[in-house]
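To start, the structure under review is shown below, and the notes come after it.
The values are calculated or read from the model by the stated rules, or taken from the named source; none is laboratory data. These figures come from a predicted structure and were not determined experimentally. In case anyone asks, the SASA skips ligands and DNA or RNA and just uses the protein heavy atoms, side chains included. Shrake-Rupley method; radii C 1.70, N 1.55, O 1.52, S 1.80 Å.
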Amino acid sequence: MNEQNIPIDIHVGKLVDWLISRRHVKREWPEDVRVIREKINNAIQDMPEHPEITRLLSGTYINYFHCLKIVEILKETEKDTKNILGWYGSQRMKDWQEVIRLYEKDNVYLAEAAQLLVRNVNFEVPSIKRQISKGIQIQQDCDRKQEECIRGIADSKKKYLQMCKQIGIAGDKVKHELVDLLKTLPEEFSTIAESSKSLAPARQLYSDFLSFTVKDTQSECLPLLKFVMEHGNVTTYEWLYGEAPCSIEEPRLDISLNDETDKTETDQIDFGDGGETIDFGNTSTEIDFGSDLNTEEIDWGNLTEDSQTIDFGVGEIDDITTADIVVEDSGVAGGVAKDTEALTVLYNPKTRNQFIDELYELEGFLGQRLSELECEGSVFSFNQFTNAPPSVQDHTADQVREMLSQVKSLVTKLSTTKLQHLYLISSSPRYVDRLADSLKSKLAIGDKLAESQQSAVQRKEDTAEEQRILTPKLALIIERTKELQSHIQEHISKRYKNRPVNLMGAYLSMQL
């Protein structure tokens, strides 16, 4: 094989060491490069307006091969300064010719070009590629984050509306709607009291059963349930004392709505007076103790043993003329229902709990009785109820099942989420704030997710903009690196009788 056709393979990473070991460049070449770079920085300050020069000076590091092209351009722009001996009088041309001369001395340009190639292949190009790849990954992550935020916002809104629906409000103005909803509570209780009348057969069965099985019982069976069946949802006063009050003073329920009204309103306590001071009912600002008050000794009168007895203004007891004295009943007849006594039996927590307990008691009895009736052939049941009155025996499993269903239905009405919240609101006005905060926290989650979504959108846009800048930059660096590689191969080949030169390890890095 002809020696001229044998290729010279050089790994890019060892190119500079290869040039030094073959004595193509000196080991001190970096010092010469620093001097050349200073001259290039000075020369570049005064350049003619030319599109090719602008292209060469943009986007990459200026090297020896760029300087050659600049000199070729200056030969056209500075041709008017050429004298008869062929020398250029332009300082621009002189500066760039001096740069080329310094580059070619000891082949400094070859070492610098090799170092630039290694840096581009090993660092610059991979770094930009990693930035682009990371940007693509960030954009994908932002898309996933945006989708998650959208789903989260929809879920939080859905949960908020579900809670509002369970409570029975629209959710526009939570506190106002809760207060308005509280006004419907008496109607709800009236409906429940009306529905309780359907439990009369079940209660009568339970009462007859207790009368038959428990002989010595003195207490009335389910008294509050019976009372509500007969009288409806009346005041606790009437339940306690057996008669309606002449007047009712319901306790006031103060619920703050400041956070949903005009924010300029003050939060001061309203004592009900129009002025700034408390009116104690007197017209003067000072208490008048009288002007005749003196500091002399107190005159106790003539307190001797012979003093007269105290005259209470009455004669002998027998002479007393008695007037007709009107004595009201000693109980609470014609009284005023105040505080909890003014509340209806289903509105009052204590009596409402008793009412619910009696329903559960009735439910437990009917459940047990249904279980006994469904056990066919029970000798114990047959023997036990042989002497029972007809009211205890004359009922079937289907009838008891229907009674049980009615009781459970009434218990369910009293235990709905809506009524549970209304119970708590009526018991504690501050619960309105807690419930409103709990509802608004669902929307707050959605607001935070909306902010995260907006942040993800903005980050994606920023990354995409950065990628739009990096992509042409990468293409330019790869293009210049390939040119630099070609020049280096060409100049090394000239030193070895034009043998082919292969710079290995640069191909993969040069792919877009």
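For the reader, a short list of remarks on this structure follows.
- Solvent-accessible area assigned to carbon and sulfur over region 450-512 amounts to 52 percent, based on a 1.4 Å probe.
- Given a 1.4 Å probe and the protein chains as shown, Ser452 ends up with an accessible area of around 40 Å².
- Area of Cys375 that stays accessible when all protein chains are in place (1.4 Å probe, Å², to 10): 80
- Ligands, DNA and RNA aside, Asp17 has an accessible area near 100 Å² when probed at 1.4 Å.
- Note on region 99-156: Cα Rg divided by 2.2 N^0.38 Å, N the number of residues, gives 2.28.
- Relative counts (whole %) of C-alpha pair distances in region 1-137, using bins that are 10 Å wide: 10, 31, 29, 20, 8, 1, 0
- Solvent-accessible area, 1.4 Å probe, carbon plus sulfur percent, for region 22-130: 47
- Full extension of the chain segment joining Leu443 with Trp18 gains 146.2 nm, where the gain is 0.36 nm per residue of separation less the Cα-Cα distance.
- Applying Stokes-Einstein at 25 °C and 0.890 mPa s to the Kirkwood radius of region 408-512, computed over alpha-carbon pairs, gives a translational diffusion coefficient of 116 µm² s⁻¹.
- Using a probe of 1.4 angstrom and keeping all protein chains present, the accessible surface of region 91-140 works out to 48 square angstrom per residue.
- Under 5 Å from the amide H of Val501 lie the amide H atoms of Ile8, each residue being 5 or more positions distant or on a separate chain, with H modelled from the backbone and absent for Pro and chain starts.
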